[in-house]
Amino acid sequence: MNDPTPTGANPMTDLVPAPAATRVPPGPPRGGFPLDAGTTLWAGPGTGTTERWLRTTLGAALGIALRPGPEHARNSVELRVDGTLAPEAYRIDVAEGRGAEIRGGGPAGVFWGAQTLRQLLGPDAFRRAPVRPAAAREIPSGTIEDAPRFGWRGVMLDVARHFMPKDGILRHLDLMAAHKLNVFHFHLTDDQGWRVEILRYPELTGTGSWRARTKFGHRASPLWDDRPHGGFYTQDDIREIVAYAAERHITVVPEIDVPGHSQAAVAAYPELGNTDVVDTGALSVWDTWGISRNVLAPTDHVLRFYEGVFEEVLGLFPSEFVHVGGDECAKDQWKASPAAQARIAELGLADEDGLQSWFVRHFDTWLTARGRRLIGWDEILEGGLAEGAAVSSWRGYRGGIAAARAGHDVVMCPEQQVYLDHRQDGGPDEPVPIGYVRTLEDVYRFEPVPPGLTPDQARHVLGAQANLWTEVMEDRARVDYQAFPRLAAFAEVAWSDLPAPAERDFAGFERRMTAHYARLDALGVAYRPPTGPLPWQRRPGVLGRPIDGAPPNV
C-alpha cells in the first residue's frame, strides 16, 4: 500500500497522483540531469505517441527542440517499452549528469511516465510557451516505479445541458492526461440538447442542438438567461476529439440516452414520442432542469431510428463500451398511452418498469451482436442484462454491489462521493450551491471498491469515475471551478494504491497540492482556491439546491 511521502525539497515527493515507489540517493540532495537545449530524445518502438507529445508539448513549454539522438547517449531522454511491466506501469530512472530513461509496459505506460517527468520539471513545463530564457532545468536523480490501481479512471462531462465548444473538449482531455485519467465519458444527448451530428437524421442537430432560453440556477430559481443556447459536434469534430484522446491514451465512451432524457430528440422528430397522449409536435428542446416527462415511445419505429443513430455512433467511436443512459425514465406517458399499454401486453411484461428494461435489453443485444458492450446507469440492473454489459453505479454503492455479485463489471461513480457538480463547501459564497457538501478531503477519502464484496466480486470493479453535470456550469471556467482541485484528489484515488480511507494522509496530500496548484495556475485552470471562491467565481443571488443536513442515502 502506498501512503504519499510528505513534501520536501525534492520534487519527486510533490507528485500527484502519488507514485507507488520513489527512491532517491541517500544523503544530502545531489545533482540530477540537466534538461537543456542540447538534450536529445531517443524513442524505441511503440513509443511514438509519447515522443510526439514530448516534442510538441514539453518542448514548446520549455523552448527546447528535443532533437533525435542515438540510444545510450549522454544528455538524453530515452523512451522504451518493457514487456516485463504491466501495460500502464512505468519506471523512470534519472542518472546524475547523464540522462533520463522512461520504461513503460506498453505505449500508455511510457506516456504516463512522461506525465510524471513533466511534473518533475516544475510549473513552467505546464505552459504553452517558455516564460524564461531556455536554460538547463534539472530533473532530480532517482527512480520512480509506478502503476495504476484501476484500469478505468474516468471523467464524465455533460455537454448536453451546457455545450462546451470543441477547443474546450481538447483542453479537458489535456487536463485528464496530466492527471493520468484515461476514460472520457462523453454525455452527448439529453432533454436540453443533442450534441452529435447524425447524418441520416439532420434535425437531431438542426432542431435538437439548441434551446430558446436557459434556466439560470436550480430549477426553482426565478432567473432565466434569455439568450438562445446551443451547439453540436460535427462528425469530423468527433473524429478529431477521438484521435486527440487516443494520442493521450484516453478512451472516449459516448453516451446516447434511451428511453428517458430524450426530449431534444422528440422535439426534432415528434414521431419518436408518445403521440397518442401528447402533442409532440408542439414540444421544443427543454429549457429547464430536472426529469422531463417526455420519453421515447416503445415502438418498432423508435428502435429502428435509434439503431440508425447507434450505427453512426459506432463508426465514430471505436470504444469497447457504449453508454445508453437507461436512467430516470418517467413512466407517466406510458401509463396513459393505449399504445404503450398494448405493447406491455404484447411483450408479456408486468408493468412500465418492464418496458424500460425491454428498451435497454434490446440495445444490449444489438450492441453485443456488433462486438461492443453496453454500459448504463444502475437502473438498468432492474431488468436483467446480457453477460457482457456493465453498470455505472451512481445511486450510492448498492448498484455496484448488486452488479458485481451478479457477475457484471461496474464503474463506481456514486453521487454522494464523486458528483463534482455538488458544492465544495457549506459556506454562503459557493456559486449556485447544489447537492451534498463534498470537500477535497471527502473526495480524497472515497473508496471505489464497495464493502462486503468477495475478492472475485471485487475484480468486477473496473474502476471509478467522477461526474460533471453542467446544469449550473454555464461555461468552461465554471467547469474548472467545480472540477478542481477535487479532480486531482479523485485522480490519486483512482491511480494510487492508497490505504483505507480513514488511514489516508490527507495532510500530506494537501502539502503536495501546494506544488500542484502552481501547475494548475500554469495550465490556466480556474480552480477553487483552498481559501474559498474568488469574487468573480461567486454567483450571488442565484438559487441552488440546499440539502437540509440529513446524511447521504448511501
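The values are calculated or read from the model by the stated rules, or taken from the named source; none is laboratory data. Being a predicted model, the structure only gives us computed values, none of them experimental. Ideal geometry is used to build each Cβ from the backbone, glycine not excepted, and the neighbour counts take in all protein chains shown.
Quick check, is PRO123 more than 29 Å from VAL461 (Cβ to Cβ) and not assigned by TED's automatic domain parsing to the domain that holds TRP377?
So PRO123 passes the test.
Tell me whether the stretch 441-464 contains one or more residues that are of a type in the set (A, V, I, L, M, F, W, C) and within 22 Å of GLY541 (Cα to Cα).
no
Which residue out of LEU170, LEU223 is under 30 Å from GLN115 (Cα atoms) and surrounded by fewer than 23 Cβ atoms within 10 Å (Cβ to Cβ)? Lay out the reasoning, then the answer.
On the way: LEU223 fails: under 30 Å from GLN115 (Cα atoms).
That would be LEU170, the only listed residue that is under 30 Å from GLN115 (Cα atoms) and surrounded by fewer than 23 Cβ atoms within 10 Å (Cβ to Cβ).
Say we look at the stretch 379-437 and pick out the residues that are out of contact with any helix residue (DSSP H, G or I) (no Cβ under 8 Å at 6 or more places or on another chain) and acidic (Asp, Glu); which of these is nearest to GLY260 (Cα to Cα)?
Out of the qualifying residues, it is GLU415.
Considering each residue of the stretch 94-120, count those that are over 15 Å from GLY46 (Cβ atoms), small (Gly, Ala, Ser) and either in a helix (DSSP H, G or I) or assigned by TED's automatic domain parsing to the domain that holds ALA488 (or both), and give that number.
The total comes to 0.
Tell me, yes or no, whether the stretch 320-340 has at least one residue that is among the aromatic types (Phe, Trp, Tyr), within 29 Å of the chain's Cα centre (by Cα) and surrounded by fewer than 22 Cβ atoms within 10 Å (Cβ to Cβ).
No, the conditions are met nowhere in the stretch 320-340.
Which number in (1) out of contact with any strand residue (DSSP E or B) (no Cβ under 8 Å at 6 or more places or on another chain); (2) of a type in the set (Val, Ile, Thr); (3) buried (at least 20 other Cβ atoms within 10 Å of the Cβ) marks the one condition that VAL461 misses?
VAL461 satisfies all of (1) out of contact with any strand residue (DSSP E or B) (no Cβ under 8 Å at 6 or more places or on another chain); (2) of a type in the set (Val, Ile, Thr); (3) buried (at least 20 other Cβ atoms within 10 Å of the Cβ) except (1).
When the stretch 243-260 is examined, which residues are found to be closer than 17 Å to THR299 by Cα and of a type outside the set (A, V, I, L, M)?
Let us first name the residues in the stretch 243-260 that are closer than 17 Å to THR299 by Cα, namely 257-260.
Selection gives ASP257, PRO259, GLY260.
Kindly provide the set of residues from the stretch 279-294 that are farther than 20 Å from VAL472 by Cα, touching a helix residue (DSSP H, G or I) at 6+ places or on another chain (Cβ under 6 Å) and part of a loop (DSSP other than H, G, I, E, B), ordered by number. Even if it seems obvious, please write down each step before you answer.
Residues of the stretch 279-294 farther than 20 Å from VAL472 by Cα: 279-284, 293-294.
Within this subset, residues satisfying the condition of being touching a helix residue (DSSP H, G or I) at 6+ places or on another chain (Cβ under 6 Å) are 280-281, 283-284, 293-294.
Listed by number, the residues that qualify are LEU283, SER284, ARG293, ASN294.
Return yes or no: is LEU157 over 22 Å from THR22 (Cβ atoms), in the same structural domain as VAL252 (by TED's automatic domain parsing) and surrounded by 20 or more Cβ atoms within 10 Å (Cβ to Cβ)?
On the way: over 22 Å from THR22 (Cβ atoms): yes; in the same structural domain as VAL252 (by TED's automatic domain parsing): yes; surrounded by 20 or more Cβ atoms within 10 Å (Cβ to Cβ): yes.
Spelling it out, LEU157 is indeed over 22 Å from THR22 (Cβ atoms), in the same structural domain as VAL252 (by TED's automatic domain parsing) and surrounded by 20 or more Cβ atoms within 10 Å (Cβ to Cβ).
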